[in-house]
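Report on the following structure.
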Amino acid sequence: MVGKAAEFHVKEPALAGKGQDRMEWAEHNMPVLRSIRQRFEKEKPLRGMSIGACLHVTTETGVLATTLAAGGAQVSLCASNPLSTQDDVASCLAVKHGIATYAIKGEDHETYYRHIESVLDSKPKITMDDGADLVSMIHTKRRDLLPGILGGTEETTTGVIRLESLASEGALAYPIIAVNNADTKHLFDNRYGTGQSTLDGIIRATNLLVAGLKFVICGYGWCGRGVAQRARGLGANVVIIEVEPVKALEAVMDGFTVSTLSEAVKSADVIVTLTGNKHVLRKEHFTAMKDGVILANSGHFNVEIDIPALQALSGAPRRLREFVESFTLSDGKRIHLLGEGRLINLAAAEGHPAMVMDMSFANQALSVEHLVRKGSSLAKGVYSVPPEIDREIARLKLASMGIVIDRLTEEQERYLNSWTEGT
Ligand code: ADE
(Lines give C-alpha, C1' and ligand atoms only; values in the text may rest on other atoms or scores of the structure.)
Protein backbone atom coordinates (compact mmCIF):
# COMPACT_ATOMS: atom_id res chain seq x y z
CA MET A 1 0.00 0.00 0.00
CA VAL A 2 1.25 3.49 -0.87
CA GLY A 3 0.56 5.98 1.92
CA LYS A 4 0.29 9.62 0.89
CA ALA A 5 0.09 11.74 4.05
CA ALA A 6 2.68 9.83 6.05
CA GLU A 7 4.81 9.13 2.95
CA PHE A 8 5.56 5.46 2.93
CA HIS A 9 5.35 2.43 0.70
CA VAL A 10 4.97 -0.80 2.63
CA LYS A 11 3.21 -4.09 1.95
CA GLU A 12 0.51 -4.10 4.59
CA PRO A 13 0.07 -1.37 7.23
CA ALA A 14 -2.05 -3.75 9.33
CA LEU A 15 1.14 -5.70 10.15
CA ALA A 16 2.37 -2.78 12.29
CA GLY A 17 1.32 -4.35 15.62
CA LYS A 18 3.25 -7.53 14.90
CA GLY A 19 6.27 -5.44 13.91
CA GLN A 20 6.02 -3.49 17.17
CA ASP A 21 6.04 -6.69 19.26
CA ARG A 22 9.03 -8.10 17.38
CA MET A 23 10.91 -4.81 17.65
CA GLU A 24 10.31 -4.86 21.41
CA TRP A 25 11.96 -8.29 21.51
CA ALA A 26 14.96 -7.07 19.52
CA GLU A 27 15.26 -3.94 21.67
CA HIS A 28 15.42 -6.10 24.79
CA ASN A 29 18.56 -7.68 23.29
CA MET A 30 20.18 -4.37 22.32
CA PRO A 31 21.26 -2.84 25.66
CA VAL A 32 24.05 -0.68 24.22
CA LEU A 33 21.79 0.94 21.66
CA ARG A 34 19.13 1.36 24.36
CA SER A 35 21.55 3.30 26.55
CA ILE A 36 22.43 5.52 23.58
CA ARG A 37 18.73 6.10 22.96
CA GLN A 38 18.19 7.18 26.58
CA ARG A 39 20.93 9.80 26.22
CA PHE A 40 19.68 10.86 22.77
CA GLU A 41 16.17 11.40 24.20
CA LYS A 42 17.57 13.86 26.72
CA GLU A 43 20.25 15.61 24.66
CA LYS A 44 18.67 15.56 21.16
CA PRO A 45 22.08 15.66 19.45
CA LEU A 46 20.56 14.99 16.02
CA ARG A 47 17.94 17.75 16.21
CA GLY A 48 16.98 19.01 12.76
CA MET A 49 19.09 16.43 10.89
CA SER A 50 17.50 14.57 8.00
CA ILE A 51 18.96 11.10 7.66
CA GLY A 52 18.46 9.00 4.53
CA ALA A 53 19.08 5.33 5.30
CA CYS A 54 19.35 2.35 2.95
CA LEU A 55 19.58 -0.65 5.29
CA HIS A 56 18.09 -4.12 5.62
CA VAL A 57 14.68 -3.35 7.12
CA THR A 58 14.69 -5.70 10.10
CA THR A 59 13.65 -5.46 13.74
CA GLU A 60 17.20 -4.36 14.63
CA THR A 61 17.15 -1.63 12.00
CA GLY A 62 13.80 -0.58 13.44
CA VAL A 63 15.45 -0.09 16.84
CA LEU A 64 18.23 1.95 15.19
CA ALA A 65 15.80 4.11 13.21
CA THR A 66 13.71 4.91 16.28
CA THR A 67 16.91 5.68 18.24
CA LEU A 68 17.95 8.20 15.60
CA ALA A 69 14.46 9.69 15.68
CA ALA A 70 14.68 9.89 19.51
CA GLY A 71 17.84 11.96 19.00
CA GLY A 72 15.83 14.49 16.99
CA ALA A 73 16.51 13.25 13.43
CA GLN A 74 13.98 12.91 10.65
CA VAL A 75 14.62 9.48 9.20
CA SER A 76 13.73 8.14 5.75
CA LEU A 77 14.40 4.46 5.18
CA CYS A 78 14.53 2.09 2.22
CA ALA A 79 15.77 -1.48 1.85
CA SER A 80 19.35 -2.32 0.94
CA ASN A 81 18.28 -5.62 -0.61
CA PRO A 82 15.00 -6.53 -2.35
CA LEU A 83 14.56 -9.74 -0.30
CA SER A 84 15.67 -8.69 3.19
CA THR A 85 12.72 -6.55 4.29
CA GLN A 86 10.59 -7.70 7.21
CA ASP A 87 7.20 -6.32 6.12
CA ASP A 88 5.83 -6.06 9.66
CA VAL A 89 8.77 -3.88 10.71
CA ALA A 90 8.41 -1.64 7.65
CA SER A 91 4.73 -1.16 8.53
CA CYS A 92 5.45 -0.50 12.18
CA LEU A 93 8.05 2.16 11.38
CA ALA A 94 5.76 3.88 8.90
CA VAL A 95 2.49 3.68 10.83
CA LYS A 96 3.52 3.82 14.48
CA HIS A 97 6.73 5.86 14.35
CA GLY A 98 6.15 8.26 11.46
CA ILE A 99 9.36 7.12 9.76
CA ALA A 100 9.11 7.49 5.98
CA THR A 101 9.68 3.85 5.05
CA TYR A 102 9.84 2.50 1.50
CA ALA A 103 10.41 -1.25 1.56
CA ILE A 104 8.54 -4.39 0.53
CA LYS A 105 9.97 -7.91 0.71
CA GLY A 106 10.34 -9.25 -2.82
CA GLU A 107 10.13 -5.83 -4.50
CA ASP A 108 11.29 -5.87 -8.13
CA HIS A 109 14.38 -4.11 -9.46
CA GLU A 110 12.46 -1.02 -10.54
CA THR A 111 10.67 -0.66 -7.19
CA TYR A 112 13.94 -1.17 -5.32
CA TYR A 113 15.49 1.82 -7.10
CA ARG A 114 12.29 3.88 -6.89
CA HIS A 115 12.41 3.42 -3.12
CA ILE A 116 16.01 4.67 -3.02
CA GLU A 117 14.88 7.73 -5.00
CA SER A 118 12.05 8.32 -2.52
CA VAL A 119 14.57 8.40 0.33
CA LEU A 120 16.76 10.81 -1.62
CA ASP A 121 13.74 13.04 -2.23
CA SER A 122 13.85 13.76 1.53
CA LYS A 123 17.12 15.64 0.82
CA PRO A 124 19.22 13.90 3.47
CA LYS A 125 22.02 15.75 5.22
CA ILE A 126 23.41 12.42 6.35
CA THR A 127 23.38 9.17 4.37
CA MET A 128 23.47 5.75 5.96
CA ASP A 129 24.21 2.89 3.59
CA ASP A 130 24.58 -0.88 3.64
CA GLY A 131 26.28 -1.67 0.32
CA ALA A 132 26.67 1.91 -1.01
CA ASP A 133 23.63 1.96 -3.33
CA LEU A 134 22.47 5.28 -1.87
CA VAL A 135 25.90 6.87 -2.31
CA SER A 136 26.21 5.42 -5.79
CA MET A 137 22.86 6.92 -6.83
CA ILE A 138 23.80 10.32 -5.33
CA HIS A 139 27.12 10.34 -7.21
CA THR A 140 25.51 9.41 -10.53
CA LYS A 141 21.88 10.59 -10.80
CA ARG A 142 21.36 12.93 -7.82
CA ARG A 143 24.44 15.17 -7.72
CA ASP A 144 22.07 18.08 -7.03
CA LEU A 145 21.93 16.80 -3.42
CA LEU A 146 25.69 16.98 -2.82
CA PRO A 147 25.89 20.58 -1.54
CA GLY A 148 23.44 19.75 1.28
CA ILE A 149 25.19 16.58 2.48
CA LEU A 150 27.33 16.70 5.61
CA GLY A 151 28.54 13.11 5.61
CA GLY A 152 27.57 9.48 5.63
CA THR A 153 28.13 6.06 7.14
CA GLU A 154 28.63 2.65 5.53
CA GLU A 155 27.74 -0.61 7.21
CA THR A 156 29.31 -3.39 5.18
CA THR A 157 32.56 -4.67 3.60
CA THR A 158 31.20 -4.50 0.05
CA GLY A 159 30.08 -0.90 0.56
CA VAL A 160 33.45 0.13 1.99
CA ILE A 161 35.22 -1.43 -1.01
CA ARG A 162 32.96 0.53 -3.39
CA LEU A 163 33.62 3.77 -1.45
CA GLU A 164 37.38 3.22 -1.47
CA SER A 165 37.23 2.69 -5.22
CA LEU A 166 35.24 5.94 -5.59
CA ALA A 167 37.75 7.76 -3.36
CA SER A 168 40.74 6.35 -5.26
CA GLU A 169 39.33 7.91 -8.44
CA GLY A 170 39.13 11.23 -6.56
CA ALA A 171 35.35 11.17 -7.05
CA LEU A 172 34.00 10.65 -3.51
CA ALA A 173 32.22 13.92 -2.77
CA TYR A 174 31.79 13.87 1.03
CA PRO A 175 33.20 12.21 4.18
CA ILE A 176 31.91 8.75 5.01
CA ILE A 177 32.59 6.71 8.13
CA ALA A 178 33.30 3.03 7.44
CA VAL A 179 31.34 1.51 10.32
CA ASN A 180 32.28 -1.94 9.04
CA ASN A 181 35.92 -1.35 9.92
CA ALA A 182 35.29 -0.77 13.63
CA ASP A 183 36.53 -3.73 15.68
CA THR A 184 33.24 -3.89 17.56
CA LYS A 185 31.55 -4.29 14.17
CA HIS A 186 33.42 -6.69 11.88
CA LEU A 187 34.96 -8.94 14.56
CA PHE A 188 31.49 -9.72 15.89
CA ASP A 189 28.78 -8.97 13.29
CA ASN A 190 30.71 -10.33 10.29
CA ARG A 191 32.08 -13.35 12.15
CA TYR A 192 29.52 -14.46 14.74
CA GLY A 193 26.50 -12.75 13.15
CA THR A 194 27.05 -14.02 9.62
CA GLY A 195 28.31 -17.34 10.95
CA GLN A 196 25.13 -18.13 12.87
CA SER A 197 22.58 -16.45 10.61
CA THR A 198 23.91 -18.04 7.41
CA LEU A 199 23.54 -21.51 8.88
CA ASP A 200 20.13 -20.44 10.20
CA GLY A 201 19.07 -19.31 6.69
CA ILE A 202 20.31 -22.51 5.02
CA ILE A 203 18.61 -24.70 7.62
CA ARG A 204 15.30 -22.78 7.54
CA ALA A 205 15.30 -22.90 3.72
CA THR A 206 16.10 -26.62 3.43
CA ASN A 207 15.55 -28.37 6.79
CA LEU A 208 18.88 -30.16 6.15
CA LEU A 209 20.85 -32.18 8.67
CA VAL A 210 24.25 -30.50 8.49
CA ALA A 211 26.21 -33.26 10.25
CA GLY A 212 28.27 -35.29 7.80
CA LEU A 213 27.73 -32.98 4.81
CA LYS A 214 30.56 -31.56 2.77
CA PHE A 215 30.32 -27.77 3.04
CA VAL A 216 32.45 -25.78 0.61
CA ILE A 217 32.91 -22.18 1.75
CA CYS A 218 34.18 -19.67 -0.80
CA GLY A 219 35.97 -16.79 0.94
CA TYR A 220 37.81 -16.81 4.30
CA GLY A 221 37.26 -13.20 5.35
CA TRP A 222 35.53 -12.54 8.69
CA CYS A 223 32.19 -13.73 7.31
CA GLY A 224 33.61 -16.89 5.76
CA ARG A 225 35.44 -17.69 9.00
CA GLY A 226 32.22 -17.40 10.96
CA VAL A 227 30.30 -19.68 8.63
CA ALA A 228 33.17 -22.21 8.59
CA GLN A 229 33.27 -22.33 12.41
CA ARG A 230 29.54 -22.79 12.76
CA ALA A 231 29.28 -25.39 9.96
CA ARG A 232 32.08 -27.35 11.64
CA GLY A 233 30.29 -27.02 14.97
CA LEU A 234 27.23 -28.70 13.45
CA GLY A 235 29.34 -31.59 12.19
CA ALA A 236 29.96 -30.64 8.55
CA ASN A 237 33.20 -31.46 6.73
CA VAL A 238 34.31 -27.97 5.78
CA VAL A 239 36.47 -27.11 2.76
CA ILE A 240 37.72 -23.54 2.31
CA ILE A 241 38.34 -21.83 -1.02
CA GLU A 242 40.45 -18.67 -0.73
CA VAL A 243 42.57 -16.72 -3.24
CA GLU A 244 44.64 -14.72 -0.68
CA PRO A 245 47.61 -16.83 0.44
CA VAL A 246 47.75 -15.49 4.02
CA LYS A 247 44.06 -16.13 4.62
CA ALA A 248 44.33 -19.56 2.99
CA LEU A 249 47.22 -20.38 5.33
CA GLU A 250 45.15 -19.26 8.33
CA ALA A 251 42.36 -21.57 7.18
CA VAL A 252 44.84 -24.46 7.01
CA MET A 253 46.11 -23.74 10.51
CA ASP A 254 42.55 -23.31 11.79
CA GLY A 255 42.24 -26.96 10.84
CA PHE A 256 40.20 -26.72 7.64
CA THR A 257 40.83 -28.44 4.32
CA VAL A 258 41.83 -25.85 1.72
CA SER A 259 41.33 -26.65 -1.94
CA THR A 260 40.60 -25.19 -5.36
CA LEU A 261 37.01 -24.61 -6.33
CA SER A 262 37.17 -26.77 -9.46
CA GLU A 263 38.28 -29.72 -7.31
CA ALA A 264 35.96 -29.07 -4.36
CA VAL A 265 32.72 -28.64 -6.32
CA LYS A 266 32.85 -32.24 -7.58
CA SER A 267 31.92 -33.71 -4.21
CA ALA A 268 30.27 -30.75 -2.41
CA ASP A 269 26.84 -31.15 -0.80
CA VAL A 270 26.48 -27.45 0.00
CA ILE A 271 28.46 -24.52 -1.47
CA VAL A 272 28.30 -21.08 0.17
CA THR A 273 29.79 -17.92 -1.39
CA LEU A 274 30.94 -14.98 0.76
CA THR A 275 33.67 -13.36 -1.29
CA GLY A 276 32.24 -9.95 -2.33
CA ASN A 277 33.23 -10.82 -5.90
CA LYS A 278 31.20 -11.81 -8.96
CA HIS A 279 30.77 -15.13 -10.76
CA VAL A 280 32.58 -17.17 -8.15
CA LEU A 281 30.38 -20.12 -9.15
CA ARG A 282 30.06 -20.23 -12.94
CA LYS A 283 29.38 -22.56 -15.87
CA GLU A 284 32.56 -24.64 -15.51
CA HIS A 285 31.66 -25.31 -11.87
CA PHE A 286 27.95 -26.05 -12.46
CA THR A 287 28.81 -28.74 -15.01
CA ALA A 288 31.24 -30.41 -12.56
CA MET A 289 28.85 -30.45 -9.54
CA LYS A 290 27.13 -33.59 -8.32
CA ASP A 291 23.39 -34.22 -8.47
CA GLY A 292 21.45 -32.53 -5.66
CA VAL A 293 24.07 -29.96 -4.69
CA ILE A 294 22.78 -26.90 -2.80
CA LEU A 295 24.08 -23.39 -3.58
CA ALA A 296 23.72 -20.40 -1.25
CA ASN A 297 25.20 -16.92 -1.17
CA SER A 298 25.81 -14.84 1.93
CA GLY A 299 27.81 -12.07 0.26
CA HIS A 300 26.17 -8.65 -0.14
CA PHE A 301 25.11 -8.80 -3.81
CA ASN A 302 23.50 -11.61 -5.82
CA VAL A 303 26.36 -11.70 -8.30
CA GLU A 304 28.55 -14.35 -6.68
CA ILE A 305 26.63 -17.20 -8.32
CA ASP A 306 26.31 -16.71 -12.10
CA ILE A 307 22.56 -17.37 -12.17
CA PRO A 308 22.06 -16.45 -15.87
CA ALA A 309 24.71 -19.10 -16.75
CA LEU A 310 22.89 -21.63 -14.56
CA GLN A 311 19.60 -20.76 -16.28
CA ALA A 312 21.24 -21.13 -19.71
CA LEU A 313 22.31 -24.69 -18.79
CA SER A 314 18.83 -25.76 -17.65
CA GLY A 315 15.16 -25.21 -18.21
CA ALA A 316 13.05 -22.95 -16.03
CA PRO A 317 13.62 -23.80 -12.35
CA ARG A 318 11.01 -25.50 -10.21
CA ARG A 319 10.28 -24.06 -6.76
CA LEU A 320 10.39 -26.98 -4.31
CA ARG A 321 10.19 -24.98 -1.09
CA GLU A 322 9.75 -21.27 -0.34
CA PHE A 323 13.45 -20.47 -0.79
CA VAL A 324 14.57 -23.47 -2.88
CA GLU A 325 14.63 -23.39 -6.69
CA SER A 326 15.70 -26.54 -8.49
CA PHE A 327 17.48 -26.30 -11.86
CA THR A 328 17.67 -29.48 -13.98
CA LEU A 329 20.57 -29.68 -16.43
CA SER A 330 20.33 -31.50 -19.77
CA ASP A 331 21.90 -34.67 -18.27
CA GLY A 332 19.22 -34.75 -15.56
CA LYS A 333 21.45 -33.40 -12.78
CA ARG A 334 19.70 -31.08 -10.28
CA ILE A 335 21.24 -27.98 -8.75
CA HIS A 336 19.28 -26.34 -5.93
CA LEU A 337 19.64 -22.58 -5.53
CA LEU A 338 18.60 -20.97 -2.23
CA GLY A 339 17.01 -17.54 -1.90
CA GLU A 340 17.57 -16.50 -5.53
CA GLY A 341 21.28 -16.23 -4.74
CA ARG A 342 20.61 -13.29 -2.42
CA LEU A 343 21.95 -13.03 1.14
CA ILE A 344 20.53 -16.27 2.51
CA ASN A 345 20.67 -15.14 6.14
CA LEU A 346 18.29 -12.25 5.45
CA ALA A 347 16.26 -13.85 2.65
CA ALA A 348 15.34 -17.09 4.45
CA ALA A 349 16.04 -16.16 8.08
CA GLU A 350 16.07 -12.91 10.08
CA GLY A 351 19.66 -11.73 9.55
CA HIS A 352 22.07 -11.38 12.43
CA PRO A 353 20.60 -11.62 15.92
CA ALA A 354 19.90 -8.41 17.81
CA MET A 355 22.62 -9.16 20.37
CA VAL A 356 25.30 -8.62 17.74
CA MET A 357 23.53 -5.89 15.75
CA ASP A 358 23.51 -4.00 19.08
CA MET A 359 27.21 -3.20 18.56
CA SER A 360 26.99 -2.58 14.80
CA PHE A 361 24.14 -0.14 15.22
CA ALA A 362 25.67 1.51 18.30
CA ASN A 363 28.57 2.28 15.95
CA GLN A 364 26.09 3.69 13.42
CA ALA A 365 24.32 5.90 15.96
CA LEU A 366 27.53 7.25 17.51
CA SER A 367 29.13 7.76 14.08
CA VAL A 368 26.14 9.87 13.02
CA GLU A 369 26.48 11.92 16.21
CA HIS A 370 30.20 12.33 15.44
CA LEU A 371 29.35 13.55 11.91
CA VAL A 372 26.88 16.08 13.29
CA ARG A 373 29.59 17.42 15.62
CA LYS A 374 32.59 17.22 13.31
CA GLY A 375 31.33 16.55 9.77
CA SER A 376 31.73 20.11 8.50
CA SER A 377 35.46 20.02 9.38
CA LEU A 378 36.12 16.65 7.72
CA ALA A 379 37.59 16.47 4.22
CA LYS A 380 36.07 14.16 1.58
CA GLY A 381 37.23 10.62 2.21
CA VAL A 382 36.58 7.31 3.93
CA TYR A 383 37.10 7.50 7.72
CA SER A 384 37.43 4.96 10.52
CA VAL A 385 35.07 5.03 13.45
CA PRO A 386 36.96 7.04 16.11
CA PRO A 387 38.75 4.46 18.32
CA GLU A 388 37.28 5.93 21.51
CA ILE A 389 33.78 5.13 20.18
CA ASP A 390 34.87 1.56 19.38
CA ARG A 391 36.31 1.05 22.90
CA GLU A 392 33.29 2.64 24.59
CA ILE A 393 30.95 0.26 22.75
CA ALA A 394 33.04 -2.73 23.89
CA ARG A 395 32.96 -1.41 27.47
CA LEU A 396 29.18 -0.91 27.39
CA LYS A 397 28.62 -4.36 25.85
CA LEU A 398 30.75 -6.06 28.50
CA ALA A 399 28.94 -4.14 31.25
CA SER A 400 25.57 -5.18 29.82
CA MET A 401 26.75 -8.80 30.03
CA GLY A 402 27.80 -8.32 33.66
CA ILE A 403 31.45 -8.92 32.80
CA VAL A 404 34.12 -6.97 34.67
CA ILE A 405 37.69 -6.88 33.34
CA ASP A 406 41.01 -6.01 34.98
CA ARG A 407 42.96 -2.75 34.62
CA LEU A 408 46.71 -2.30 34.35
CA THR A 409 48.53 -1.21 37.51
CA GLU A 410 50.32 2.16 37.41
CA GLU A 411 53.62 0.29 37.32
CA GLN A 412 52.46 -1.68 34.27
CA GLU A 413 51.26 1.49 32.50
CA ARG A 414 54.70 3.07 33.10
CA TYR A 415 56.46 -0.08 31.85
CA LEU A 416 54.48 -0.11 28.61
CA ASN A 417 55.29 3.54 28.04
CA SER A 418 59.06 3.30 28.57
CA TRP A 419 61.87 1.93 26.44
CA THR A 420 64.57 1.84 29.12
CA GLU A 421 63.73 -1.43 30.90
CA GLY A 422 65.02 -4.58 29.15
CA THR A 423 65.99 -8.02 30.42
N1 ADE B 1 22.68 -7.28 8.37
C2 ADE B 1 22.78 -8.53 8.79
N3 ADE B 1 21.86 -8.82 9.71
C4 ADE B 1 21.12 -7.70 9.89
C5 ADE B 1 20.02 -7.37 10.71
N6 ADE B 1 19.49 -8.25 11.55
N7 ADE B 1 19.53 -6.14 10.61
C8 ADE B 1 20.07 -5.24 9.76
N9 ADE B 1 21.11 -5.49 8.97
C10 ADE B 1 21.64 -6.72 9.03
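The values are calculated or read from the model by the stated rules, or taken from the named source; none is laboratory data. On a predicted model such as this, the values are computed, not experimentally measured, just so you know. A quick note on method: Cβ atoms are made from the backbone with ideal geometry, for glycine too, and the neighbour counts reach across all protein chains shown. Heads up: the accessible areas ignore ligands, DNA and RNA and are worked out on the full protein's heavy atoms, side chains in. Shrake-Rupley method; radii C 1.70, N 1.55, O 1.52, S 1.80 Å.
Please note which helices (runs of 4 or more DSSP H) are completely contained in the stretch 194-303 and include at least 3 residues that are more than 23 Å from ILE335 (Cα to Cα).
Filter on the stretch 194-303 gives 194-206, 222-233, 245-253.
If you go through the stretch 309-329, how many residues are at pLDDT 95 or above, touching a strand residue (DSSP E or B) at 6+ places or on another chain (Cβ under 8 Å) and among the small types (Gly, Ala, Ser)?
2
What is the number of the single condition among (1) open to solvent by 10 Å² or more (accessible area, probe 1.4 Å); (2) within 22 Å of the chain's Cα centre (by Cα) that LEU337 does not meet?
(1)
Criterion first (away from the ligand (no atom under 16 Å from the Cβ), more than 23 Å from ILE161 (Cβ to Cβ), of a type in the set (A, V, I, L, M, F, W, C) and surrounded by 19 or more Cβ atoms within 10 Å (Cβ to Cβ)) does ILE138 satisfy it?
Judged against the criteria, ILE138 is not a match.
Restricting the search to the stretch 373-423, which residues are hydrophobic (A, V, I, L, M, F, W, C), free of Cβ contacts under 8 Å to residues at least 12 places away in the same chain and open to solvent by less than 60 Å² (accessible area, probe 1.4 Å)?
Of everything in the stretch 373-423, just one residue is hydrophobic (A, V, I, L, M, F, W, C), free of Cβ contacts under 8 Å to residues at least 12 places away in the same chain and open to solvent by less than 60 Å² (accessible area, probe 1.4 Å), namely LEU398.
Out of the residues in the stretch 304-323 that are of a type in the set (A, V, I, L, M) and part of a helix (DSSP H, G or I), which is surrounded by the most Cβ atoms within 10 Å (Cβ to Cβ)?
Among those residues, the one meeting the criterion is LEU310.
May I ask you to verify whether LEU366 is open to solvent by less than 40 Å² (accessible area, probe 1.4 Å), hydrophobic (A, V, I, L, M, F, W, C) and more than 30 Å from ASN29 (Cβ to Cβ)?
No.
Yes or no, residue by residue, for (1) among the aliphatic types (A, V, I, L, M); (2) modelled with pLDDT under 95; (3) surrounded by fewer than 21 Cβ atoms within 10 Å (Cβ to Cβ):
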| residue | (1), (2), (3) |
| --- | --- |
| LEU33 | yes, no, no |
| LYS44 | no, no, yes |
| ARG47 | no, no, yes |
| ALA70 | yes, no, yes |
| SER76 | no, no, no |
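Name the one entry in ASP121, ASP87 that is more than 11 Å from ALA53 (Cα to Cα), acidic (Asp, Glu) and touching a residue at least 60 places away in the same chain (Cβ under 8 Å).
On inspection, the qualifying residue turns out to be ASP87.
Return the residues of the stretch 50-62 that are within 28 Å of LEU146 (Cα to Cα) and either in contact with a helix residue (DSSP H, G or I) (Cβ under 6 Å, 6 or more places away or on another chain) or open to solvent by less than 10 Å² (accessible area, probe 1.4 Å) (or both); say none if nothing qualifies.
Once the filter is applied, which keeps residues that are within 28 Å of LEU146 (Cα to Cα) and either in contact with a helix residue (DSSP H, G or I) (Cβ under 6 Å, 6 or more places away or on another chain) or open to solvent by less than 10 Å² (accessible area, probe 1.4 Å) (or both), the stretch 50-62 yields ILE51, GLY52, ALA53, CYS54, LEU55, HIS56, VAL57, THR61, GLY62.
If you go through the stretch 234-253, how many residues are under 19 Å from ALA268 (Cβ atoms) and not polar (S, T, N, Q)?
Matching residues across the stretch 234-253 total 12.
So which strands (runs of 3 or more DSSP E) are wholly in the stretch 34-133 and hold at least 1 residues that are under 26 Å from ILE161 (Cα atoms), more than 21 Å from the chain's Cα centre (by Cα) and away from the ligand (no atom under 16 Å from the Cβ)?
Those strands (runs of 3 or more DSSP E) span 50-55.
Considering only residues that are of a type in the set (S, T, N, Q) and free of Cβ contacts under 8 Å to residues at least 60 places away in the same chain, look in the stretch 156-186 and name the one that is most open to solvent (accessible area, probe 1.4 Å).
Only one residue fits best here, namely SER168.
Being open to solvent by 60 Å² or more (accessible area, probe 1.4 Å), modelled with pLDDT of 95 or more and touching a Cys at 6+ places or on another chain (Cβ under 6 Å), is that true of even one residue in the stretch 16-31?
Within the stretch 16-31, one or more residues are open to solvent by 60 Å² or more (accessible area, probe 1.4 Å), modelled with pLDDT of 95 or more and touching a Cys at 6+ places or on another chain (Cβ under 6 Å).
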